[in-house]
Amino acid sequence: MKGEESNKKEKALNDIDAFLDQNPDIFNDHPRLLEKINLSYDSQQGSVSLVERQVAILKAQNLKYKKELENIIIAGEKNEFFLKKIHKLYLKQIIENNLVKRMDLIDRFLHQGFSIASAVIIIFSSINNKVLSYEKKGFIKLVSRDHKKLDSFASFFESGQPRCGAIKDDQRDFLFGNEKEINSAALIPIGSKLKLGFLAIGSEDKDYFNPSLSTDILSSLGELIYAILSNSEYNNE
């Protein structure tokens, strides 16, 4: 019986909702209906007028929309900032042929340009050893593509798309070391389907790398680094 009553009540509420959608002026045309409505605040006794309740709801909605707009503006500004930095890196690297100097450019670009906590490029061990000679600086890590510690990145490998947000503890420790305070990170493929590897950038700010950051911009960074590494792979410098 209770189930039937609940279903009837739910149907009645849906009917009322649909009716009000179709007749938004019903209370203007029939003001006597307002006399039958009793709206109470949850936090205090007594009743509140329908207009007051509507005003309160609209204020709450406006605050929500304002916050969403602020977040969109902040995300847009950050995306524009990243784009300008990537463009500067591109201009600098096209006139530099030495691999070590190119890697220095990328290293400085990431640490100084973005004020991040740490960055590392994971290079799969199948590429030319000349690129790997930079590994001693710690900015590049050489690993096998089937390395056991890469298992936790399976979904990232499968998608082949940039990813931003919180990072798992085992991922953080593998990429940045457990002494780093990393609360958000960006994982960026280097080459289609992570052909050469991937770039990991970490920040202490949990909101610095969040899903609102444009993946197109991050993809551009990955493509640029891929061009730098793959070009160096086949050139004797």
Which of the residues belonging to the stretch 182-200 are farther than 16 Å from residue 150 by Cα and exposed (fewer than 13 other Cβ atoms within 10 Å of the Cβ)?
192
Neighbours by Cβ (under 8 Å, 6+ apart or cross-chain): first from the stretch 130-157, more than 15 Å from residue 99 (Cβ to Cβ) and at pLDDT 65 or above; second among the basic types (Lys, Arg) and not in a helix (DSSP H, G or I):
152/168; 156/163
Restricting the stretch 158-182 to residues that are among the polar types (S, T, N, Q) and without any contact (Cβ under 8 Å) to a residue 24 or more places away in the chain, which is nearest to residue 215 (Cα to Cα)?
159
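The values are calculated or read from the model by the stated rules, or taken from the named source; none is laboratory data. Note that the structure is a prediction, hence the values are computed from the model and not measured. Using ideal geometry, Cβ is built from the backbone for each residue, glycine included, and neighbour counts are taken over all protein chains shown.
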